[in-house]
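Step one of this worksheet: look at the structure below.
Each reported figure results from applying straightforward, stated rules to the coordinates on display, with no laboratory input. All values derive from a computational prediction rather than experimental measurement. So basically every Cβ, Gly included, is an ideal-geometry build from the backbone, and we count neighbours across all protein chains shown.
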Amino acid sequence: MATTDGDVKKAAELKLWLEGRIAQLQEEIERLNETLGYVDATLRAGTFRPAIEMMAESKEVPEIRELKRDKGGQVIATASITSDAVSIEPAGVVLKSSTPPFKSFLMGKILQGMKSSDEGLVKSGKLTQGDVLRFDVEEANGTVGKVIIENYREKTRLNEILNTVAWTFSRMLEK
């Protein structure tokens, strides 16, 4: 195959274009490697932050459920539910913590019973101490402000808690 002056000129132009393009791509590769180094350094620095800091940044959006009175369907409490805790506040009703069956049934039998069951699981090695159910009542002048339950762990247990709270609050309103 014979080459003509036109072919040689075309090959020279292509060579110049290829060399220019290679230089551009090498510059882009250098910038990509520099960016990758920055991302790696940022990830390494982020990995060694305390877990508590990372958890504070990733706040879980709670699911809100209304608990209704068993007679009449009036909303009597609002439950704010996350994957590891539920916070229940009376809604539009005043409930005294001294009104039965709040302390004897809800706090004593149900929640303390669940906690005792969890402590039994800890003793048998099936659960860690940090996963035991915890609960607290925020009160002001003997009025229930909020019931907080942590580590309910299972959906069935959560449903049992919510149903029991609704039933208990309904009974308290009857007294």
Discussion item. Neighbour counts of other C-beta atoms within 10 Å: give me VAL75, VAL144, VAL94, VAL61 arranged from fewest to most.
Written reply: VAL61, VAL94, VAL75, VAL144
Practice prompt. Report, in debye and to the nearest 20, how large the dipole of the chain comes out about its Cα centre when Lys and Arg carry +1 and Asp and Glu carry -1 on their Cβ.
Written response: 1240
Discussion item. With the crude spin-label approximation of a point 7 Å out along Cα→Cβ, what separation in nm comes out for LEU121 versus VAL39?
Written reply: 4.0
Worksheet item: Extension gain VAL94-GLN74, at 0.36 nm per residue separation less the Cα-Cα distance, in nm?
Response: 5.8 nm
Worksheet item: Across the chain, how large is the tail of the calculated P(r) beyond 19 Å, expressed as a percent of all Cα pairs?
Response: 71
Item to complete: Per DSSP H run of at least 4 residues, take -39500 (n - 2.57); add these up for the chain, divide by its residues and hand me the 222 nm value, nearest 500 deg cm²/dmol.
Response: -16000 deg cm²/dmol
Discussion item. Suppose a student asked you for the relative contact order of the chain, using Cα pairs under 8 Å spaced at least 6 residues apart; what percent would you report?
Written reply: 21
Discussion item. Using the Karplus curve 6.51 cos²θ - 1.76 cosθ + 1.60 with θ = phi - 60°, what ³J(HN,Hα) values do you get for each residue of segment 124-133, in whole Hz, with x for Gly and Pro?
Written reply: 8, x, 8, 8, 8, 4, x, 9, 5, 4
